[in-house]
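K.L.:
One structure follows; several queries about it will come next.
The values are calculated or read from the model by the stated rules, or taken from the named source; none is laboratory data. Since this is a predicted model, take the numbers as computed values, not measurements. Quick reminder, even Gly has a Cβ in these numbers, built from the backbone with ideal geometry, and neighbours come from all protein chains shown.
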Amino acid sequence: MAKLHFFYSTMNAGKSTALLQSNHNYLESNLKTILFIPKEIADKTEGKIISRIGLEADAIITDKNYKFFDEVEKKDYKNVSCIFVDEVQFLTNNQIRDLSKIADELNIPVMCYGIRTDFQGKLFDGSMELLAIADNLKELKTICSECDKKATMVVRLNDNGEVLLEGEKIVIGGNEIYKTLCRKHFRKLTNLI
(Lines give C-alpha, C1' and ligand atoms only; values in the text may rest on other atoms or scores of the structure.)
Protein backbone atom coordinates (compact mmCIF):
# COMPACT_ATOMS: atom_id res chain seq x y z
CA MET A 1 0.00 0.00 0.00
CA ALA A 2 1.29 3.46 -0.92
CA LYS A 3 1.87 6.05 1.78
CA LEU A 4 1.40 9.78 2.30
CA HIS A 5 4.68 11.30 3.50
CA PHE A 6 5.28 14.73 5.06
CA PHE A 7 8.80 16.17 5.07
CA TYR A 8 8.71 19.39 7.09
CA SER A 9 11.02 21.99 8.55
CA THR A 10 11.60 25.71 8.77
CA MET A 11 12.98 27.62 5.82
CA ASN A 12 16.52 26.90 4.57
CA ALA A 13 16.57 23.22 5.51
CA GLY A 14 16.78 21.95 1.93
CA LYS A 15 13.20 20.72 1.43
CA SER A 16 13.07 21.58 -2.28
CA THR A 17 16.56 20.14 -2.77
CA ALA A 18 15.49 16.87 -1.12
CA LEU A 19 12.32 16.74 -3.24
CA LEU A 20 14.26 17.33 -6.46
CA GLN A 21 16.90 14.74 -5.51
CA SER A 22 14.22 12.12 -4.80
CA ASN A 23 12.47 12.96 -8.06
CA HIS A 24 15.81 12.64 -9.90
CA ASN A 25 16.30 9.16 -8.43
CA TYR A 26 12.92 8.05 -9.79
CA LEU A 27 13.63 9.52 -13.23
CA GLU A 28 17.06 7.86 -13.39
CA SER A 29 15.31 4.53 -12.92
CA ASN A 30 12.98 5.38 -15.85
CA LEU A 31 10.02 5.82 -13.50
CA LYS A 32 7.35 8.45 -14.08
CA THR A 33 6.62 11.13 -11.49
CA ILE A 34 4.29 14.12 -11.24
CA LEU A 35 5.38 17.31 -9.50
CA PHE A 36 3.03 19.97 -8.12
CA ILE A 37 3.58 23.49 -6.81
CA PRO A 38 0.98 25.89 -5.35
CA LYS A 39 0.18 29.06 -7.29
CA GLU A 40 1.46 31.23 -4.40
CA ILE A 41 4.99 30.03 -5.15
CA ALA A 42 4.60 29.24 -8.86
CA ASP A 43 3.92 32.90 -9.65
CA LYS A 44 7.43 33.70 -8.41
CA THR A 45 9.19 30.64 -9.92
CA GLU A 46 7.40 30.50 -13.29
CA GLY A 47 5.92 27.08 -12.50
CA LYS A 48 9.16 25.45 -11.43
CA ILE A 49 10.28 23.89 -8.19
CA ILE A 50 13.61 25.58 -7.54
CA SER A 51 16.13 24.87 -4.79
CA ARG A 52 18.54 27.43 -3.38
CA ILE A 53 21.47 25.39 -4.74
CA GLY A 54 20.25 25.69 -8.33
CA LEU A 55 18.32 22.47 -8.96
CA GLU A 56 14.95 22.90 -10.66
CA ALA A 57 12.12 21.01 -12.36
CA ASP A 58 8.83 21.91 -14.02
CA ALA A 59 5.72 21.36 -11.94
CA ILE A 60 1.96 21.51 -12.37
CA ILE A 61 0.60 24.71 -10.83
CA THR A 62 -2.29 24.30 -8.41
CA ASP A 63 -4.70 26.75 -6.82
CA LYS A 64 -7.08 26.40 -3.86
CA ASN A 65 -9.71 24.77 -6.12
CA TYR A 66 -7.39 22.17 -7.68
CA LYS A 67 -8.71 18.62 -7.28
CA PHE A 68 -5.62 16.43 -7.03
CA PHE A 69 -7.41 13.06 -7.10
CA ASP A 70 -9.61 13.91 -10.11
CA GLU A 71 -6.69 15.36 -12.10
CA VAL A 72 -4.30 12.47 -11.38
CA GLU A 73 -7.03 9.93 -12.15
CA LYS A 74 -7.50 11.57 -15.60
CA LYS A 75 -3.81 11.01 -16.40
CA ASP A 76 -2.25 7.67 -17.23
CA TYR A 77 -1.77 7.22 -13.48
CA LYS A 78 -1.01 3.49 -13.61
CA ASN A 79 2.43 4.42 -14.96
CA VAL A 80 3.08 7.02 -12.23
CA SER A 81 5.51 5.80 -9.56
CA CYS A 82 5.44 8.82 -7.23
CA ILE A 83 3.83 12.23 -6.74
CA PHE A 84 5.79 15.14 -5.26
CA VAL A 85 4.23 18.31 -3.82
CA ASP A 86 6.38 21.29 -2.81
CA GLU A 87 5.28 24.09 -0.44
CA VAL A 88 2.44 21.87 0.76
CA GLN A 89 1.64 24.22 3.64
CA PHE A 90 -0.37 26.35 1.19
CA LEU A 91 -2.82 23.54 0.37
CA THR A 92 -6.28 23.25 1.92
CA ASN A 93 -7.37 20.48 4.30
CA ASN A 94 -9.49 18.96 1.51
CA GLN A 95 -6.53 18.96 -0.87
CA ILE A 96 -4.43 17.07 1.69
CA ARG A 97 -7.25 14.54 2.05
CA ASP A 98 -7.32 14.32 -1.76
CA LEU A 99 -3.60 13.48 -1.74
CA SER A 100 -4.20 10.78 0.87
CA LYS A 101 -6.93 9.35 -1.38
CA ILE A 102 -4.35 9.10 -4.21
CA ALA A 103 -2.11 7.02 -1.95
CA ASP A 104 -5.00 4.88 -0.69
CA GLU A 105 -7.05 4.33 -3.84
CA LEU A 106 -4.58 4.79 -6.73
CA ASN A 107 -1.69 3.21 -4.79
CA ILE A 108 0.76 5.99 -5.67
CA PRO A 109 3.16 7.24 -2.97
CA VAL A 110 2.72 10.97 -2.29
CA MET A 111 5.72 12.93 -0.99
CA CYS A 112 4.79 16.31 0.52
CA TYR A 113 7.38 18.95 1.46
CA GLY A 114 6.64 22.11 3.41
CA ILE A 115 6.88 24.41 6.37
CA ARG A 116 5.08 23.51 9.57
CA THR A 117 4.42 26.94 11.14
CA ASP A 118 4.07 30.56 10.05
CA PHE A 119 5.92 33.62 11.38
CA GLN A 120 3.59 33.75 14.41
CA GLY A 121 4.23 30.13 15.36
CA LYS A 122 0.82 28.94 14.11
CA LEU A 123 0.36 25.85 11.97
CA PHE A 124 -0.45 26.27 8.29
CA ASP A 125 -3.68 24.49 7.29
CA GLY A 126 -1.99 22.06 4.91
CA SER A 127 0.70 21.21 7.45
CA MET A 128 -1.82 20.74 10.25
CA GLU A 129 -3.79 18.24 8.16
CA LEU A 130 -0.65 16.36 7.18
CA LEU A 131 0.52 16.17 10.79
CA ALA A 132 -2.84 14.57 11.55
CA ILE A 133 -3.13 12.05 8.69
CA ALA A 134 0.25 11.41 7.04
CA ASP A 135 1.63 7.88 7.28
CA ASN A 136 5.18 9.12 7.67
CA LEU A 137 6.45 12.34 9.26
CA LYS A 138 10.07 13.35 8.71
CA GLU A 139 11.63 16.52 10.05
CA LEU A 140 14.41 18.04 7.97
CA LYS A 141 16.68 19.97 10.28
CA THR A 142 18.39 23.34 10.06
CA ILE A 143 20.16 25.61 12.55
CA CYS A 144 18.90 28.64 14.49
CA SER A 145 20.30 31.91 13.15
CA GLU A 146 20.98 33.06 16.75
CA CYS A 147 22.68 29.95 18.21
CA ASP A 148 23.74 26.42 17.28
CA LYS A 149 20.46 24.72 18.26
CA LYS A 150 17.93 23.19 15.88
CA ALA A 151 15.63 25.78 14.27
CA THR A 152 11.92 24.97 14.62
CA MET A 153 10.41 28.43 14.11
CA VAL A 154 10.63 31.36 11.70
CA VAL A 155 10.12 35.11 12.12
CA ARG A 156 9.29 37.72 9.50
CA LEU A 157 11.35 40.90 9.31
CA ASN A 158 10.52 44.39 8.03
CA ASP A 159 12.81 46.42 5.76
CA ASN A 160 14.85 47.53 8.80
CA GLY A 161 15.41 43.96 10.00
CA GLU A 162 12.94 44.28 12.88
CA VAL A 163 10.71 41.33 13.81
CA LEU A 164 7.07 41.67 12.71
CA LEU A 165 4.39 40.27 14.98
CA GLU A 166 1.36 40.94 12.78
CA GLY A 167 0.53 40.79 9.10
CA GLU A 168 -0.79 38.56 6.38
CA LYS A 169 -0.29 34.84 7.04
CA ILE A 170 1.31 34.32 3.62
CA VAL A 171 4.06 36.59 2.35
CA ILE A 172 6.40 34.94 -0.14
CA GLY A 173 10.07 35.66 0.38
CA GLY A 174 13.43 34.31 1.38
CA ASN A 175 16.27 35.26 3.70
CA GLU A 176 15.61 38.94 3.04
CA ILE A 177 12.38 38.79 5.10
CA TYR A 178 12.55 35.54 7.11
CA LYS A 179 14.90 34.27 9.80
CA THR A 180 15.00 30.74 11.26
CA LEU A 181 15.11 30.36 15.04
CA CYS A 182 14.98 27.81 17.82
CA ARG A 183 11.94 28.06 20.10
CA LYS A 184 13.95 29.86 22.82
CA HIS A 185 15.03 32.66 20.48
CA PHE A 186 11.57 32.82 18.86
CA ARG A 187 10.08 33.38 22.33
CA LYS A 188 12.73 35.98 23.19
CA LEU A 189 12.23 37.96 19.95
CA THR A 190 8.42 37.72 19.68
CA ASN A 191 6.88 37.00 23.12
CA LEU A 192 4.23 35.04 21.15
CA ILE A 193 4.73 31.79 23.05
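K.L.:
Applying the selection to segment 61-73, what residues are more than 20 Å from Ser51 (Cβ to Cβ) and surrounded by 20 or more Cβ atoms within 10 Å (Cβ to Cβ)? Break it down stepwise before answering.
P.N.:
Initial filter on segment 61-73 (more than 20 Å from Ser51 (Cβ to Cβ)): 63-73.
Once the filter is applied, which keeps residues that are more than 20 Å from Ser51 (Cβ to Cβ) and surrounded by 20 or more Cβ atoms within 10 Å (Cβ to Cβ), segment 61-73 yields Phe68, Val72.
K.L.:
Counting just the residues of segment 74-117 that are outside any loop (DSSP other than H, G, I, E, B) and charged (D, E, K, R), which one comes out surrounded by the most Cβ atoms within 10 Å (Cβ to Cβ)? Step through it out loud before you land on a result.
P.N.:
Filtering segment 74-117 down to residues outside any loop (DSSP other than H, G, I, E, B) leaves 74, 77-85, 88-90, 93-105, 110-115, 117.
Now narrow it down to the ones that are charged (D, E, K, R): 74, 78, 97-98, 101, 104-105.
Details: Lys74: 9, Lys78: 9, Arg97: 15, Asp98: 19, Lys101: 17, Asp104: 16, Glu105: 11.
Once the filter is applied, the top-ranked residue is Asp98.
K.L.:
Out of the residues in segment 17-44 that are hydrophobic (A, V, I, L, M, F, W, C) and surrounded by fewer than 16 Cβ atoms within 10 Å (Cβ to Cβ), state the one that is nearest to the chain's Cα centre (by Cα). Break it down into steps so the answer makes sense when it comes.
P.N.:
First, pick out the residues of segment 17-44 that are hydrophobic (A, V, I, L, M, F, W, C): 18-20, 27, 31, 34-37, 41-42.
Okay, now just the ones that are also surrounded by fewer than 16 Cβ atoms within 10 Å (Cβ to Cβ), so 27, 31.
Details: Leu27: 21, Leu31: 23 Å.
Among them, the one singled out is Leu27.
K.L.:
Another question, if that's okay. Can you tell me which residues in segment 123-165 are of a type in the set (D, E, K, R) and in contact (Cβ under 8 Å) with a residue 12 or more places away in the chain? Working first, answer last.
P.N.:
As a first pass, look at segment 123-165 and keep what is of a type in the set (D, E, K, R): 125, 129, 135, 138-139, 141, 146, 148-150, 156, 159, 162.
Matches in segment 123-165: Asp125, Glu129, Asp135, Lys138, Glu139, Lys141, Glu146, Lys149, Lys150, Arg156.
K.L.:
Something else about it: For Lys101, indicate whether it is of a type outside the set (Asp, Glu), farther than 24 Å from Lys169 by Cα and free of Cβ contacts under 8 Å to residues at least 24 places away in the same chain.
P.N.:
So Lys101 does not fit the description; no.
K.L.:
Going through Val80, Val110 one at a time, which residue ends up being modelled with pLDDT of 95 or more, aliphatic (A, V, I, L, M) and more than 27 Å from Val154 (Cβ to Cβ)?
P.N.:
Val80
K.L.:
Can you pull out every residue in segment 136-186 that is closer than 27 Å to Arg97 by Cα and surrounded by 16 or more Cβ atoms within 10 Å (Cβ to Cβ)?
P.N.:
Of segment 136-186, the ones closer than 27 Å to Arg97 by Cα are 136-141, 152-154, 168-172.
Answer for segment 136-186, where residues must be closer than 27 Å to Arg97 by Cα and surrounded by 16 or more Cβ atoms within 10 Å (Cβ to Cβ): Thr152, Met153, Val154.
K.L.:
Then there's this: What do you reckon, is Gln120 in contact with a helix residue (DSSP H, G or I) (Cβ under 9 Å, 6 or more places away or on another chain), surrounded by 16 or more Cβ atoms within 10 Å (Cβ to Cβ), at pLDDT 95 or above and in a loop (DSSP other than H, G, I, E, B)?
P.N.:
On the way: in contact with a helix residue (DSSP H, G or I) (Cβ under 9 Å, 6 or more places away or on another chain): yes; surrounded by 16 or more Cβ atoms within 10 Å (Cβ to Cβ): yes; at pLDDT 95 or above: yes; in a loop (DSSP other than H, G, I, E, B): yes.
Taking the combined requirement at face value, the residue satisfies it.
K.L.:
Would you confirm whether or not segment 21-30 contains a residue that is farther than 25 Å from Leu181 by Cα, in a strand (DSSP E or B) and not assigned by TED's automatic domain parsing to the domain that holds Glu176? So that I can check it myself, show each step before the final result.
P.N.:
Let us first name the residues in segment 21-30 that are farther than 25 Å from Leu181 by Cα, namely 21-30.
Cutting the leftovers down to in a strand (DSSP E or B) gives us none.
No, segment 21-30 contains no residue that is farther than 25 Å from Leu181 by Cα, in a strand (DSSP E or B) and not assigned by TED's automatic domain parsing to the domain that holds Glu176.
K.L.:
For the condition modelled with pLDDT under 95 and closer than 24 Å to Ser51 by Cα, what is the one hit in Gly173, Gly167?
P.N.:
Gly173
K.L.:
Considering Phe119, Phe84, which residue is closer than 30 Å to Phe186 by Cα and in contact (Cβ under 8 Å) with a residue 12 or more places away in the chain?
P.N.:
Of Phe119, Phe84, the one residue that is closer than 30 Å to Phe186 by Cα and in contact (Cβ under 8 Å) with a residue 12 or more places away in the chain is Phe119.
K.L.:
Taking interchain pairs and intrachain pairs at least six residues apart, which have beta carbon atoms under 6 angstrom, with the first residue in segment 22-39 and more than 17 Å from Tyr113 (Cβ to Cβ) and the second buried (at least 17 other Cβ atoms within 10 Å of the Cβ)?
P.N.:
Sorted first by the residue in segment 22-39, then by its partner, the pairs are Lys32/Val80.
K.L.:
Pick from segment 45-76 the residues that are acidic (Asp, Glu) and within 18 Å of the chain's Cα centre (by Cα): which of them is nearest to Gly173 (Cα to Cα)? Walk me through how you get there before you give the answer.
P.N.:
Of the residues in segment 45-76, the ones acidic (Asp, Glu) are 46, 56, 58, 63, 70-71, 73, 76.
If we keep only those that are within 18 Å of the chain's Cα centre (by Cα) as well, we get 46, 56, 58, 63.
Values: Glu46: 15, Glu56: 18, Asp58: 20, Asp63: 19 Å.
The qualifying residue nearest to Gly173 (Cα to Cα) is Glu46.
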